[in-house]
Structures are given as C-alpha cells and as structure tokens.
Amino acid sequence: MAAALPNWVGQYSPDIVVANAENSAGGMGITADVGRELYSLGINVLTLGNHAWHKKESFDFLDNNLNVLRPANMPPGAPGHGYGVFDSNAGPIGIVNLCGRVFVGDYDDPFRAIDAILEDIATPCVMVDFHAETSSEKQAFGWYVDGRISAMVGTHTHVQTADERILPRGTAYITDVGMCGPMDSVIGMDKDIVLRRFTSQMPAKFEVPDEEPIVCAVVIDIDAETGQATMIQRLQQRPDQD
C-alpha cells in the first residue's frame with residue numbers, strides 16, 4: 001500500500017481516502033501504532049469489522065480517535081464510534097461502518113441501524129463500509145440503501161469482486177473491494193498452513209506470509225450537491241505489474 005497509494009493519489013486526486021484496517025495488525029485487529037502508520041500514508045479514515053477487538057490495546061485508540069470507525073451496529077456502550085461526518089476537499093462526507101450478521105457474529109440489525117444513522121447525518125454524501133460474509137447480504141443491503149447513500153463498499157471476504165456498478169437510484173456498489181495482503185496466499189494467510197488445515201482437519205495457527213502484496217481499492221466520483229455517485233472503478237496493484 002505504501003507504494004500503490006501515492007501513485008493512485010497522484011493519478012486520481014481523491015478528496016478523501018478511506019481504508020478498512022481490521023486486519024492491519026499482523027493479520028487481525030488494529031493497534032494505535034499501526035493506525036498512526038496508516039494515517040501517515042495519507043489515509044484519512046479507517047474502518048474496521050468483526051476483528052475490531054482482536055487487540056485489547058485498541059480499545060482506547062478507538063475511543064480517542066474519531067477517524068477510526070468500528071461497526072456502528074454494536075450494542076450501546078461499546079468502545080469507539082461507528083460513523084461520523086468528515087471534511088474532505090469537496091465538502092463533508094458521512095462515513096459509516098456496519099457489520100452483516102450472516103456467518104459473522106451477533107450484531108444488531110444493520111438495516112435498522114442505517115435507517116437511524118441516516119437521520120443523524122446532515123450531508124447528502126454518505127459512504128458505507130458494509131463488512132459482511134455473504135454476497136447475498138451485501139447485495140440486499142445495497143438495494144436497501146440505493147438512492148439513500150452515495151456508495152456501499154463491501155469488505156471482509158478479501159477477494160475483489162468484478163460487479164462494481166451504479167445502482168438505478170445513484171448508489172455506487174461493489175460486493176467486495178478486495179484486500180491489501182500477500183497475493184500468493186489464501187485470503188491473506190499462509191497457503192501451506194491453510195492447506196494443512198483443510199487436508200488434515202487439525203488445528204493450526206494462521207500466519208501472514210512475508211510475500212509480495214496485492215493492493216485492491218476502488219475510486220468513486222460523487223456529486224457533492226445530490227450525493228449521487230457518477231462513477232466507480234476498481235483498482236488493483238499486483239506484484240507482477242510494473
């Protein structure tokens with residue numbers, strides 16, 4: 001990411017850069033040191049997911065930093081913040097982090113959660129990082145918010161999907177933006193360890209290999225007045241590319 005992001009920033013001149021960082025600390029969770037390193041790369045807002053609490057030292061970091069978001073559909077009293085309105089070069093934009101419930105965990109209803117959040121966000125430009133396991137839940141959520149938010153970017157499954165589009169009422173959508181991690185892996189983890197688990201059914205600790213990374217992203221254009229998206233494009237930097 002440290003190499004790819006400056007190139008993309010130079011090419012597309014984004015008004016704000018958002019990154020999902022829930023696996024940034026050694027494969028799971030986030031720490032304050034990792035968060036500060038990501039900010040230093042030019043990332044403005046960090047979102048998380050179901051591994052938000054994997055590192056206990058992240059609790060204070062989430063509480064004290066408005067620019068890092070954990071899933072908003074967690075029970076009241078959880079550390080941190082689930083959404084916010086952030087300044088960008090083109091004006092204010094709402095960023096929301098939500099978790100799906102199918103095969104992920106015991107989260108509150110993300111559909112009801114977004115209804116309440118949108119009543120509290122006073123800007124037409126809103127992006128949701130919907131962190132979910134199944135493509136069906138992500139697609140259903142995309143249709144649910146079409147025309148009410150600017151963009152729904154899916155995360156969690158680590159494999160970039162090729163279904164980016166503008167939905168009929170103006171919401172940019174992609175089922176999964178992909179990952180920033182080792183390309184020759186199984187969703188970011190050492191492929192040999194994963195294969196041993198699949199073939200032997202014996203427990204083994206997953207590890208992130210020190211391999212050349214693939215970096216995945218999307219760039220989205222939003223009309224600042226209407227909040228409707230006008231373009232979404234997949235980006236991918238592979239180690240075999242110059």
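The values are calculated or read from the model by the stated rules, or taken from the named source; none is laboratory data. All values reported here derive from a predicted model rather than from experimental measurement. Because the Cβ atoms are built from the backbone with ideal geometry, glycine has one as well, and the counts that use them run over all protein chains shown. When the accessible area is computed, the model is the full protein with side chains, heavy atoms only, and any ligands, DNA or RNA have been set aside. Shrake-Rupley method; radii C 1.70, N 1.55, O 1.52, S 1.80 Å.
When we screen Ala122, Ala140, Ala132 for residues that are of a type outside the set (Ser, Thr, Tyr), open to solvent by 80 Å² or more (accessible area, probe 1.4 Å) and closer than 27 Å to Ala78 by Cβ, the only hit is Ala122.
For Leu62, the conditions (1) at pLDDT below 95; (2) crowded, with 17+ Cβ neighbours inside 10 Å; (3) within 30 Å of Thr226 (Cβ to Cβ) all hold with the exception of (3). Filtered by the rule that a residue be out of contact with any Cys (no Cβ under 8 Å at 6 or more places or on another chain), crowded, with 17+ Cβ neighbours inside 10 Å and within 23 Å of Thr157 (Cα to Cα), the stretch 87-119 gives Ile95, Val96, Asn97, Leu98, Cys99, Gly100, Arg101, Val104, Ala113, Ile114.
Can you find even one residue in the stretch 172-188 that is within 18 Å of the chain's Cα centre (by Cα), modelled with pLDDT of 90 or more and of a type in the set (Gly, Ala, Ser)? So far as the stretch 172-188 goes, yes, one or more of its residues are within 18 Å of the chain's Cα centre (by Cα), modelled with pLDDT of 90 or more and of a type in the set (Gly, Ala, Ser). Name the single residue, out of those in the stretch 69-93 being modelled with pLDDT under 95 and hydrophobic (A, V, I, L, M, F, W, C), that is nearest to Pro14 (Cα to Cα). In this case the residue turns out to be Ala90. Considering only residues in the stretch 195-242 that are of a type in the set (Ser, Thr, Tyr) and within 30 Å of Pro168 (Cα to Cα), the one that is nearest to the chain's Cα centre (by Cα) turns out to be Thr230. If we scan the stretch 179-193, do we find a residue that is farther than 23 Å from Asp115 by Cα, in contact (Cβ under 8 Å) with a residue 40 or more places away in the chain and either of a type in the set (Val, Ile, Thr) or touching a Lys or Arg at 6+ places or on another chain (Cβ under 7 Å) (or both)? Looking for residues that are farther than 23 Å from Asp115 by Cα, in contact (Cβ under 8 Å) with a residue 40 or more places away in the chain and either of a type in the set (Val, Ile, Thr) or touching a Lys or Arg at 6+ places or on another chain (Cβ under 7 Å) (or both), one finds at least one in the stretch 179-193, hence yes. Being part of a strand (DSSP E or B) and either without any contact (Cβ under 8 Å) to a residue 60 or more places away in the chain or touching a Pro at 6+ places or on another chain (Cβ under 7 Å) (or both) is the filter here; which residues of the stretch 129-174 pass it? Selection gives Phe130, His131, Asp146, Met152, Gly154, Tyr173. Of all residues in the stretch 42-59, those being part of a loop (DSSP other than H, G, I, E, B) and open to solvent by 60 Å² or more (accessible area, probe 1.4 Å) number 5.
Within the stretch 10-25, the set of residues being out of contact with any His (no Cβ under 9 Å at 6 or more places or on another chain) and either more than 20 Å from Phe86 (Cβ to Cβ) or open to solvent by 60 Å² or more (accessible area, probe 1.4 Å) (or both) comprises Gly10, Gln11, Tyr12, Ser13, Asp15.
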